[in-house]
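The structure appears below as structure tokens.
What follows is calculated from the coordinates using simple rules that are stated; it is not laboratory data. Here the structure is a predicted model, which is why all the values come from computation and not from measurement. Every residue, glycine among them, receives a Cβ derived from its backbone with ideal geometry; neighbour counts consider all protein chains shown.
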Amino acid sequence: MANKTYLISYDLQKNADYTKLYEAIKTADGWWHYLESFWIISSSKTLDYWRDFLRNEINSGDRFIVIEISEGKTDGWLPQDAWDWIKKNTCIK
């Protein structure tokens with residue numbers, strides 16, 4: 001299976017240790033991280049895998065989004081109004 005490229009971004013609670021989250025993201029085949037809450041990764045794993053894997057590494061009040069850049073697929077943990085806006089205003093479905 002060829003690698004796909006994913007964008008991962010998050011909004012995390014302050015004063016929490018997210019070392020496990022960062023280390024989980026770094027298990028990707030390749031990664032880019034030069035902005036505080038924004039990663040681009042290369043992985044042979046699926047979007048569903050990354051959603052579930054990262055969900056286990058955050059706290060209940062945190063939010064994140066995973067977007068498969070190459071195919072316009074997206075998934076994550078956002079409020080419904082955020083998903084409604086994304087689907088209405090972007091090519092992401």
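Some notes on this structure:
- Charge context of LYS45, other residues only, Cβ under 15 angstrom, K/R +1, D/E -1: -2
- Excluding same-chain neighbours fewer than eight residues apart, the lysines reachable from LYS4 by a Cα-Cα span under 25 Å are LYS20, LYS26, LYS45, LYS73, LYS87, LYS88, LYS93.
- Local electrostatic count at ASP81 - Lys and Arg +1, Asp and Glu -1, tallied over other residues with Cβ under 13 Å: +2
- Interchain or long-range residues, amide H under 5 Å from GLY76's placed H: VAL66
- For the chain, the fraction of alpha-carbon pairs in successive 10 Å shells from zero, as %: 16, 52, 29, 3
- Environment charge of ARG55, counting only residues whose C-beta is closer than 15 Å and scoring Lys/Arg +1, Asp/Glu -1: -2
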